[in-house]
Ligand SMILES: Cc1cc2nc3c(=O)[nH]c(=O)nc-3n(C[C@H](O)[C@H](O)[C@H](O)COP(=O)(O)OP(=O)(O)OC[C@H]3O[C@@H](n4cnc5c(N)ncnc54)[C@H](O)[C@@H]3O)c2cc1C
């Protein structure tokens, strides 16, 4: 009797192979020597789109219009099986895989040129469990929807405020926002993940604590596709308070003096509060938000911020959801080059270089901003270092350099101003950077994003994706 099974389609064959995959060693799926150039076959689990398909451009779109990469194939997965089918097809066709959840990667690491983009935007369902108070969520869910969904239960996960950002990409790189000093990073609330690895095999971190560790800050497109995330949730505060001050017509020297004052004041910021210092050209905006009524410490800070401000917003006390929705940002794709401007312990880390950075920002031909955010609080609770691949807990502040523009032709100017300022920061010894604010021009990115944890992530890459199927310009190398 022949062993051939002529009536099986290629896809069915590949799927059947998956059943075996869980119990056999990694070398069972070597990349074939020759790429299989046959067109992918869509199923109920995954829809494959080629460049001439009507829906291709819609799914290719990511938030940053500066990135123009065109994948050869886009796989729109409807479920976990669809993710497995897409990975197996990519292996057969020898296509590198980039994964897109919310599509907000600064550098477009969720797409690629000529490879396969695995689009998870249709896998976006949240399920809240009233007994455990846990949230089970698919990776394509966006932050705005998550806050809205959890509101009916009076719960939240501590995340960023921009509504269009994907919960997966944010969490896998760490994730911080208004509530991080109170409840920790987004990844600190992560309890469990499910993942399809670079060989198409399914894993659950319930039986692999190392996988959960890695997904807390070291999991962005590195060794597997996260298909489900489970979080503990926290009570929503009744009110969300915000305070804003503007200082205008600044010079590099006066902006630097205001930075020194701000860093000093933020040292006594209550853990329920968040602060940011945002220099946009010659105008500085200082924002403070709080989930608690103003404490004596906060009142002192606010009074000192008021001194010298040209504009003081009347303090706002909004109900929780509308309060954070004021910061939800736009959803339409835009041109920008934003990067991590490094982590700082205090003003001293920036003292020598900030005046020249301010000068550069004020002279820039494209809109250029330096935003410094408060970290610390619950992020840096004793014992947290060991729990996650995220390595930068000890720093009290994180900088983000942002440039925005309207026409593609301005891209070079934006990249140059970022390059110049990054050079200044690097020369002054600022070398730790946030993985979720990547910059393709950071040379020692392995250490900058992951610190001492990089070798541990490399071991997982060798285990889960030895053929480097899942990759982007700054993915972990095995
Ligand atoms: C407007 C805007 C506001 C932001 N605000 C904040 C903020 O407040 N706080 C903060 O911490 N960050 C913030 N960020 C940064 C944000 O955290 C990162 O851009 C994040 O990686 C975006 O996730 P995503 O799923 O939307 O993006 P995607 O582009 O889909 O993915 C981003 C990265 O994660 C990987 N990835 C995505 N999904 C998966 C998956 N399922 N499995 C494995 N890897 C995956 C991709 O490979 C890629 O490297 C902001 C970014 C933007 C553009």
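Coordinate-derived values only; no laboratory data. Just so you know, these numbers come straight off a predicted model, no measurement behind them. Cβ coordinates were reconstructed from backbone atoms using ideal geometry, including for glycine residues, and neighbour counts include every protein chain displayed.
Provide the convex hull volume over Cα atoms per residue for the range 341-444, in Å³.
Residue-normalised Cα hull volume stands at 111 Å³.
Based on the Cβ-Cβ distance from residue 326 to residue 431, what FRET efficiency comes out when R0 is 51 Å, to the nearest 0.05? Working shown, then result.
Details: r = 35 Å, r/R0 = 0.68.
That pair, residue 326 with residue 431, gives E of 0.90.
Diffusion coefficient of the range 126-235 by Stokes-Einstein, Kirkwood radius over Cα pairs, 20 °C, 1.002 mPa s: 156 µm²/s.
Among 164-171, 244-251, 273-280, what's the highest-first ranking by average C-beta atoms within 10 angstrom per residue?
Answer by packing, highest mean first, reads 164-171, 273-280, 244-251.
Extending 7 Å from the Cα toward the beta-carbon at both residue 409 and residue 232 defines two label points whose distance is 5.5 nm.
Under 25 °C and 0.890 mPa s, how fast does the chain diffuse according to Stokes-Einstein, given a Kirkwood radius computed over C-alpha pairs? Answer in µm²/s, whole number. Don't skip to the end; give the middle numbers.
On the way: Rh = 23.3 Å.
Using the Kirkwood radius from Cα pairs, D works out to 105 µm²/s.
Between the helical axis of 252-266 and the longest alpha-carbon principal axis of the chain there is an angle of about 80 degrees. Per-residue extension of 0.36 nm, minus the Cα-Cα distance of residue 94 and residue 43, leaves a gain of 16.4 nm for this segment.
Counted residue by residue at 0.36 nm each, then reduced by the alpha carbon distance between them, the extension gain from residue 356 to residue 125 reaches 78.5 nm. Centre-to-centre separation between the Cα atoms of the range 341-377 and those of the range 390-419: 10 Å. Label zone (residue 306, point 7 Å along Cα-to-C-beta; backbone nitrogen cut-off 20 Å) within the range 237-262: 241-248, 258, 261-262. Calculated from the alpha-carbon coordinates, the range 239-451 shows an Rg and a Dmax of 17.3, 50 Å respectively. Above 17 angstrom, tally the Cα pairs of the range 418-478 and express them as a % of all pairs, no decimals. Result: 44 percent of Cα pairs exceed 17 Å. Give the share of C-alpha pairs in each 5 angstrom bin for the range 34-125, from 0 to the last occupied bin, in whole percents, shortest bins first. Using 5 Å bins, I get a P(r) of 3, 16, 28, 27, 18, 7, 2, 0 for the range 34-125.
Between residue 299 and residue 459, the contour length at 0.36 nm per residue exceeds the alpha carbon distance by 52.7 nm.
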